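Following: one structure in structure tokens, then a few remarks.
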Amino acid sequence: MDFQPSQRRKALSYSGEERDTIPCWERLSCSNTGCPARGETGMPCWRLRATSCWTHGAGGHTPGIPSCILCPVFKSSAEKDERGWNRFVYEELPLLAGGASEGSLLGYEDLLWTVENLPRGLVMTDGDWRILFANAAAARLLGAPDGIRPGEMIGSLLGLDSGQFPAACCHPGEANLGMEIREVDVTMPEGRTLRLNRITLPASCSSKKDALPSHCFFLDDVSRQKFLEERLKYFEGEYRRIFEGSKDMIFVHSRGSIFKDVNQACVETLGYDSREELLALRSVERIYVNPLHRRVFQEQIDRNGFVKDFETSFWKKDGSRIHCLISGTAVRDQEGRIVGYEAIAKDITARMDGVRHLLQQHQELSLLHSVAAAMNVTHELEEILATALKKVLELLNLTMGCVFLVNQERSAFVLTVQQGFPKDLVKVGYDIRFHDEALMNSLLRKDLSIRYQRVFPPFKARLNSGQTSCELTCFLITTKEKASGFLALRIPKNRSMSDHVNQMMGSLGNFLGSAIENALLLQTIHRHREELRQLTARLFSSQEEERKRIAQELHDEVGSSLTGINFTLETVERSLPLNLPDVKESILDVKKQINRTYQEMRRISHRLRPAVLSDLGLEPALESCLARISKYSQIEIEFKMVGFEGRLDPELETVLYRISQEAVNNTLKHSGARHFKLSIVKSFPNIILLAEDNGMGFDPGSLKGSEKRALGLLGMRERAAMLGGTFTLRSSKEKGTRIRVEIPIKENSLDG
């Protein structure tokens, strides 16, 4: 039959499995219902002698080769036959040749037409390797596109002499072995590679006529194929080298999760002794810690064709785990169907351990940072401990905890802060008991000395309060070989604390110990400072009272005495005779001295406690004081008070007066200034005093505490602090001095 292009395309379009099951007549859309192949299912069409695939003659029996060689069904299927293409031609060609010699219905011309149109090169030689026939494909492959003359030696066309050709195409003693088919590759002089399939015809066929062939050669140019085979071999070697040389685990498994291959790195990383031992596991799922990961990994490859950096964990032979980052691709067959999976896994256990360690360090530093931040914000011990407790409970995902401090004076553990317990726990009353009584008694001893440790082991205690009782896990808080207290957490029974948690709590315990010590020291300092402030206030108050008393006594007692002496002298002076001028002159000098003494006494009395301050208030007192200073000095003084409508509290007036007095005295004594400015302003919520000059200035840090100037500045600072105010000094050489005092306004500071 003549095969149309549509028939040929259809015949070649079937997949491998379909070619094995669909008969030739269906694949060729054959309408010849009388063909024996149409009803035959147990034998391929080309094995049937009486098929109807023949258009060059008529008759019942038709040899297969003319039709089959040109048939697309044969081309797509025969090469997969267990006997093969060459075997089929070997069997059919003698029959065709024999039939031609006997004058059968298939003539010799038909034979020539068939072999001339073969897609493969065909050369027929006699027993001495002389060419009897070569088709067009053979001439083209042998470098003779114009054709090959009969009688030429096939060896010469292949670039081989008469002695080389038999050796290249035959094994020694081949005839004795009865071998009739041989395949050999011959390299042509120009470098091309030809593959020769030699068929030796049986003697019964070749002996009937000398001109008949003894050998047939099928020729194929396999240069490209050889190149690809060599490249494939090279890449297979490279793949195997990479496969075995990789330090990462590589394994291949089927769709059914059966191991197909593993590299040595996989064997060593998973701790197996040999490749065979690992492959004996059969299922790759057995190395996954979580088998679900294997299924997810496979599903993602099925969906996307690949997976990159999929995190999972594998079991090692010894039962330990390793964390891996796995990537994989699909293994496909010729039809593109997924038949397996290739995976490469990197052991990132060390990296994950490092990340985990960094995370743990971050948690520890975050906890310590929270406590340090609380210490910067406040010095209140309870706030610091509450912040630490809250952060610990958040990090450990707990709900109940508390902090006890050791009170050695009372020989008791004092609940300082708590979270998650009843708010009235302290009010109701509580009792804390250690499981280890010896440890409990030791922590309460005043002479206890604890050697420093990075981590102290946790201990157990029971907290009882009313009708409730709970078990606590406690972590010691220490500082400078002393126990400051402990942090107690209520941890569920089914949960254990890791070494990391113990280390973190150990660091926190040491840090909190220092924080507690610092807070207690600050509390002591604040208490002492408050006591000092109270003592200073009493001192200044006593000083003012004493000054007031002395000034009053100077005015009342000494002033009266001087006045009486002066009157007495005047009486004596009037009673003296006129002839005693020297005595009168002496009395006059004494009276002058008494007047000077009286004026100095009044000045001292005014400095000790100006009466105008008590009688008229701050502003008149300062105006009087500054006017007197300006009168007896070369300095220009500027003074103003702004925002005051009435009298101030006497204590506040005294403080502002004394600070102003000390400021102007320092300017007169030390600055060499030509100008001094004093301002007192009421600016809610403070009263602000500003004193500044244009003198030579000084370095405040260079003053020694024992210098009078330093004592004066300290006195001003203490007077301001006594009323809850602040004192600020700013001075530098050649730039003058500036003093700023701010005192908060109290409700009773103004008389009104």
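The calculated FRET efficiency for the pair LYS631 and ARG529, based on their C-beta separation and a Förster distance of 45 Å, comes to about 0.60.
Taking other Cβ atoms within 10 Å as a rough exposure proxy, LYS640, LYS682, LYS631 sort from fewest to most as LYS631, LYS640, LYS682. State the Cα centre-to-centre distance between the stretch 461-537 and the stretch 430-444 in whole Å. Here the answer is 15 Å between Cα centres. Label-to-label distance, LYS460 versus ASN441, with points set 7 angstrom from Cα along the beta-carbon direction: 2.1 nm. Compared with the alpha-carbon gap, the fully stretched path from ALA350 to TRP315 is longer by 11.1 nm at 0.36 nm per residue. Packing around the peptides 214-222, 581-589, 387-395, taken as the average count of other Cβ atoms within 10 Å per residue, puts them in this order, highest first: 214-222, 387-395, 581-589. Near GLU573: Cβ cut-off under 11 Å, other residues only, Lys/Arg at +1 and Asp/Glu at -1. The net charge is +1. When the pairs LYS316/LYS390; LYS233/LYS346; LYS548/LYS631; LYS631/LYS735 are compared against a 30 Å limit on Cα-Cα distance, LYS316/LYS390 fall above it.
Distance between the 7 Å Cα→Cβ label points at ARG538 and SER156: 14.1 nm.
Compared with the alpha-carbon gap, the fully stretched path from THR33 to THR563 is longer by 174.2 nm at 0.36 nm per residue. Modelled label positions at LEU279 and HIS675, each set 7 Å beyond Cα in the direction of Cβ, lie 10.3 nm from each other.
Readers should treat all values here as calculations from the given coordinates under stated rules, not as data from a laboratory. Model, not experiment: these values are computed from the prediction. Ideal geometry is used to build each Cβ from the backbone, glycine not excepted, and the neighbour counts take in all protein chains shown.
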